[in-house]
Amino acid sequence: MPYENELAAAKKAASLAARLCQKVQRELLRSDVQSKSDKSPVTVADYGSQALVSFVLERELHPEAFSLVAEEDSGDLLKEESLETLHRITKHVNETLISDGSYGVSPLSAEDVAVAIDKGKSEGGPHGRHWVLDPIDGTKGFLRGDQYAIALALLDEGKVVLGVLACPNLPLTPLGSNHEQTSDEIMGCLFSAKIGHGTELQPLDGSSSVKVRVSATENPEEASFFESFEAAHSLHDLSSSIAKKLGVKAPPVRIDSQAKYGALSRGDGAIYLRFPHKGYREKIWDHAAGCIVVTEAGGVVTDAAGKALDFSKGRFLDLDTGIIVTNQKLMPSLLKAVRESIEEKAD
């Protein structure tokens, strides 16, 4: 089966990275550091997640050429004032590997961890295979103790062929616009998709998976939609105008990170709109995994002009205005509403 080994390795890598991030987030919330300007816990989790994913993929797959396009590099960590942070990252990475028990390796040194992080410096592009990673997508959600995702995808000749989203704080039960979390809810979702084979969801603890499909809603009035929690990440007023044109009745569900793609792939909502502020350039790691998770679940992901996203151009996506995600039936009316709203805003 094509990409079978790669998908298994990606799921393992993202799950272990999620374990590290959960531990750091628990410590962060206990220390109440999120109310200060000290972002070091995010640093520890970001870098630790990237180091683990890099290490696991290489260890599992032994690729001849390993290319990883990722957000972080170790430059800042190697400065004198950051060495303590690097040692904390190394400690978390080693503890996570030991708790997993798969790799009988002697503990990684700080230098080993820095080397693993720096594997993420690849530029990607249209040829060969490139892994694409956002080690923590949704930093602000992570700081608040809310939604974030470890997002990992594989490009082969410029096309996304598999993707994994580990969402530690996403409940296994569906989200709704009036969703209130309860203490007995099982948390932690792992979405995985491989080209031509659909999308699966399983609990992050590794128990059995189920196939998921996007919402079959045809009536826009019944469609709920997702958008970024942070107003700085998306033009909420434009989304609101589009929703009004479609006759959407439900208020938007605002959550951080590519957890939105995961939630949409299992039918929690029917539409996801993202319209960044002018001048913002979308990075491929913010959408590659989410895109295949939704499309393999039967959904459609395009830019505002209705064109498929092109991940073959390097680290950035060249986009027309924004990203829209929905099912096949709603896409024509959604595209029309998007075009009209954008034109009105430009007048």
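The values are calculated or read from the model by the stated rules, or taken from the named source; none is laboratory data. For clarity, every value in this text was computed on a predicted model and none was experimentally measured. All Cβ positions, even for glycine, are placed from backbone atoms using ideal geometry, and neighbour counts span all protein chains on display.
For the reader, a short list of remarks on this structure follows.
- Among the residues here, residue 66 qualifies as in contact with a Leu (Cβ under 9 Å, 6 or more places away or on another chain), assigned to a loop (DSSP other than H, G, I, E, B), at pLDDT 95 or above and not charged (D, E, K, R).
- Condition check for residue 146: under 19 Å from the mean Cα position of the chain (by Cα), more than 20 Å from residue 57 (Cβ to Cβ) and of a type outside the set (A, V, I, L, M): yes
- Selection from region 83-102 of residues that are more than 26 Å from the chain's Cα centre (by Cα) and in contact (Cβ under 8 Å) with a residue 12 or more places away in the chain: 83, 87
- Any hit, region 187-208, residues being touching an Asp or Glu at 6+ places or on another chain (Cβ under 7 Å), at pLDDT 95 or above and within 29 Å of residue 249 (Cβ to Cβ): yes
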